[in-house]
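Only one structure is covered here, and it is reproduced in the block below.
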Amino acid sequence: MKTWKIAGVNFDHMHMGDLLRAVTRHPNAEIVGISDEQRPRMESTIEALGIPQDRVFTDYRACLEKTKPDLVIICPSSAAHGEWTEKVAPFGAHVLVEKPFASNLAEADRMIAALKKTGKELIINWPLRWYPCHVTAKRLVDEGVIGDLEEVHYYDGNRGPLSHIADKVETKATDEAQAKSWWYNKAAGGGSLLDYLGYGVTLGTWFHNGRKPIEVTTTTWQTPGLEVDEHSVSVARYDCGLSKYETRWGTFSDPWTNQPQPKCGFVLKGKKRDRDHLRLRKDDPRPDAGKAGGLRAAGR
């Protein structure tokens, strides 16, 4: 079986370390090179994963020309996804981009066009898609266990983007670090909305089987002195009801250690179907299988 050659370019987002660790755990994948213009940002990953020095670059072009990867992972700041996709695409590899897809529709279109020219795949990393609880929730919705889906309620976030690095290693956020970080820079695509809303609306659309909202209303909260939001609420009106998607930096705990209140995750609400239209499994002994109900799917 083929061994995939994978390179990591641009360490703006701490998830680069997590994605590269996933590469090391796959029997048919190999890290052939990593690159960032600021070498110190790569050091913790180099040490944690034992990446040889001859595979470390500060020029992405040299990295890709020398290593000729099959797949390039890029983790730039949210507003630079279009720029870096266009930089990497001409080297002829598949491109995996850390979420969100892009900071606006025009940028997303640029990314699609860049990969269309090469015939390679453009992949967006939505890790919540693979969580067993979310996969199970989708299956149960499709099986009609809660009837017809009417509402998706999503809440997610963490203590803040500077409270941890790759592998969820905790760090101490400081005012100085915040002032220098792209996470708190509006032009760079900072803020909780761009960080977390994509999870909610992407999986929400999946749960809704592609149904599009009629209208969307969004409001955000900026802590005085900051130029980015730390809290957002988006309400989407569908022809079947309202769904709500909420993002938050500033929870009192991180959901991967202890669930905050409210809990992070999804709540799906369905409506009882007409008896003649219930999709019941023949082997399901429950007399109320397929009736109205709800599901909670919480990850991390």
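The values are calculated or read from the model by the stated rules, or taken from the named source; none is laboratory data. Note that the coordinates shown come from a computational prediction; the quantities given were computed from them, not determined experimentally. Quick reminder, even Gly has a Cβ in these numbers, built from the backbone with ideal geometry, and neighbours come from all protein chains shown. Just so you know, the surface numbers come from the protein's heavy atoms only, side chains and all, with ligands and any DNA or RNA stripped out. Shrake-Rupley method; radii C 1.70, N 1.55, O 1.52, S 1.80 Å.
Return yes when Ala79 is within 18 Å of Asp12 (Cβ to Cβ), part of a helix (DSSP H, G or I) and open to solvent by 10 Å² or more (accessible area, probe 1.4 Å) and no when it is not.
yes
Looking at region 155-162, is at least one residue part of a helix (DSSP H, G or I) and either surrounded by 14 or more Cβ atoms within 10 Å (Cβ to Cβ) or in contact (Cβ under 8 Å) with a residue 40 or more places away in the chain (or both)? Working first, answer last.
In the first step, residues of region 155-162 are kept if they are part of a helix (DSSP H, G or I); the result is none.
So far as region 155-162 goes, no, none of its residues is part of a helix (DSSP H, G or I) and either surrounded by 14 or more Cβ atoms within 10 Å (Cβ to Cβ) or in contact (Cβ under 8 Å) with a residue 40 or more places away in the chain (or both).
What residue, of Leu20, Leu96, is in contact (Cβ under 8 Å) with a residue 24 or more places away in the chain and not in a helix (DSSP H, G or I)?
Leu96
Condition test on Gly210, is it surrounded by 15 or more Cβ atoms within 10 Å (Cβ to Cβ) and over 23 Å from Ala187 (Cβ atoms)?
no
For region 136-145, state whether one or more residues are open to solvent by 40 Å² or more (accessible area, probe 1.4 Å), closer than 27 Å to Val23 by Cα, not in a loop (DSSP other than H, G, I, E, B) and not basic (Lys, Arg).
Yes.
For the condition assigned to a helix (DSSP H, G or I) and without any contact (Cβ under 8 Å) to a residue 40 or more places away in the chain, what is the one hit in Glu43, Glu30?
Selected residue: Glu43, the only one of Glu43, Glu30 that is assigned to a helix (DSSP H, G or I) and without any contact (Cβ under 8 Å) to a residue 40 or more places away in the chain.
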